[in-house]
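Worksheet: the structure to be examined is printed underneath.
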Amino acid sequence: MSLIENLKTVRESLPENVTLVAVSKTKPAADVKTLFDAGQLDFGENRVQELVEKYEQLPKEIRWHLIGHLQKNKVKYIAEFVHLIHSVDSEDLLKEIDKQGKKHKRIIDCLLQLRIAEEDTKFGMEKREAQKILHHCKTEYPNVRIIGLMGMATFTDDEKQVRKEFVFLKDCFDYFKFYYPYLKILSMGMSGDYKIAVEEGSNMVRIGSSIFGEREYN
Ligand SMILES: *Cc1c(COP(=O)(O)O)cnc(C)c1O
């Protein structure tokens, strides 16, 4: 199937309230352009350098999402243009994003990444830390706006396990939303598990291989 057909198939499988972030990591800018021309606006990358390179080559209307682990010393490269940072996993990082936001005279939208997987390889913070940050971020970090949560489930075929992790994240989201009603984005679900994520309340999915095809790393 062609890229555009893949995009269409994925889009049609999503309810209207779910935002699709097309994850273009390792794929050429030309593929992004093809999908942009077909109406896709949101794209995600997990590495800063690749994100910056594509940003420079492609139409400025594209909304770029940073979805992978972000090192503090690299925030400065994306602060000017990034649409949403999904992977805030420490207060130190948030502090740096705030600093760079101020420098560029903008408020940078962020999600707090919670650790929901049993695997210990995934980044993310605990619920308690997220709670602590939400409590004071508005006053302490005026150039950051936390608008939701992100999480990655365990990479497994065990659907029950994955569902349990997504349910946990949705519960955290609902709990925080009660105190901070401005939270609106729950980013969960990738190619292999987005249908479960959507059933469990996701409103933003990050999908790569189902659209662009399998990735080759070398
Ligand atoms: C690569 C990646 C995705 C997309 O993965 P696919 O399985 O190709 O859909 C989603 N989220 C994050 C954080 C990623 O790094």
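The values are calculated or read from the model by the stated rules, or taken from the named source; none is laboratory data. What you see is a predicted model; the values in this text were computed from it and never measured. Every residue, glycine as well, gets a Cβ built from its backbone with ideal geometry; the counts of neighbours run over all protein chains shown. Areas reflect the complete protein model, heavy atoms only, side chains present, ligands, DNA and RNA absent. Shrake-Rupley method; radii C 1.70, N 1.55, O 1.52, S 1.80 Å.
Working from label points 7 Å from Cα in the Cα-to-Cβ sense, the THR26 to ARG163 distance is 3.0 nm. In this entry, segment 58-133 is assigned a mean projected area of 5.7 nm², taken as a quarter of its C-alpha convex hull surface.
Taking all protein chains as shown and a probe of 1.4 angstrom, GLU126 keeps an accessible surface of around 90 Å².
Distance between the pseudo-spin-label points of ASP92 and ILE147 (7 Å out from Cα toward the beta carbon): 2.8 nm. What is the Cα centroid distance between segment 110-152 and segment 19-93, reported in whole angstrom? Going from one Cα centre to the other spans 19 Å. Annotation: amide H of SER191 within the under-5 Å range of GLY208, SER209, SER210, sequence separation 5 or more or interchain, hydrogens built in the peptide plane.
Can you tell me the FRET efficiency between ALA38 and THR139 if r is taken as the Cβ-Cβ distance and R0 is 35 Å, rounded to the nearest 0.05? Don't skip to the end; give the middle numbers.
Working: r = 42 Å, r/R0 = 1.21.
After rounding, the FRET efficiency stands at 0.25.
VAL198 contributes about 30 Å² of solvent-accessible surface, heavy atoms of the protein only, 1.4 Å probe. Counting only residues at least eight positions apart within a chain, or on another chain, the aspartates and glutamates with an alpha carbon under 16 Å from that of LYS60 are ASP31, ASP37, ASP42, GLU45, GLU50, GLU80. Rolled with a 1.4 Å probe across the full set of protein chains, the surface gives ILE107 an accessible area near 80 Å².
Adding -39500 (n - 2.57) for every DSSP H run of four residues or longer, then dividing by how many residues the chain holds, sets the calculated 222 nm ellipticity at -12500 deg cm²/dmol. Compactness of segment 1-97 is given as radius of gyration and Dmax, 14.0, 44 Å, from Cα positions.
Residue separation of GLU80 and GLN131 scaled by 0.36 nm, minus their Cα-Cα distance, works out to 15.6 nm of gained length.
Our coupling estimate for segment 23-38, obtained by passing each phi through the Karplus curve with A = 6.51, B = -1.76, C = 1.60 and θ = phi - 60°, is 8, 9, 4, 6, 9, x, 4, 4, 5, 5, 4, 4, 6, 4, 5, 8 Hz, Gly and Pro reported as x. A cut-off of 5 Å between modelled amide H atoms, ignoring neighbours fewer than 5 places along the same chain, links ASN203 with LEU186, MET188. Using the 1.4 Å probe convention, the accessible area of the chain works out to 51 Å² per residue with neighbouring protein chains retained.
Heavy atoms only, 1.4 Å probe, whole protein assembly: order GLU200, GLU12 by accessible area, highest first. Working shown, then result.
Details: GLU200 40, GLU12 135 Å².
In descending accessible area the options line up as GLU12, GLU200.
Amide H to amide H, with H built 1.01 Å from N, VAL88 comes under 5 Å of LEU111, GLN113, counting only residues 5 or more places away or on other chains. When you filter the trypsin sites (Lys or Arg not before Pro) in segment 18-79 for DSSP loop state and at most 14 other Cβ atoms inside 10 Å of their Cβ, you are left with LYS60. Restriction of the chymotrypsin sites (Phe, Trp or Tyr not before Pro) in segment 181-218 to DSSP coil positions whose beta-carbon has at most 16 other beta-carbons within 10 angstrom yields TYR182, TYR217. Sorted from longest to shortest, the spans of the Cα atoms of the chain along the three principal axes equal 48, 42, 34 Å. In order along segment 146-162, the phi-based Karplus estimate (6.51 cos²θ - 1.76 cosθ + 1.60, θ = phi - 60°) of 3J(HN,Hα) comes to 7, 10, x, 10, 9, x, 10, 7, 4, 7, 7, 7, 6, 4, 4, 4, 4 Hz; Gly and Pro are listed as x.
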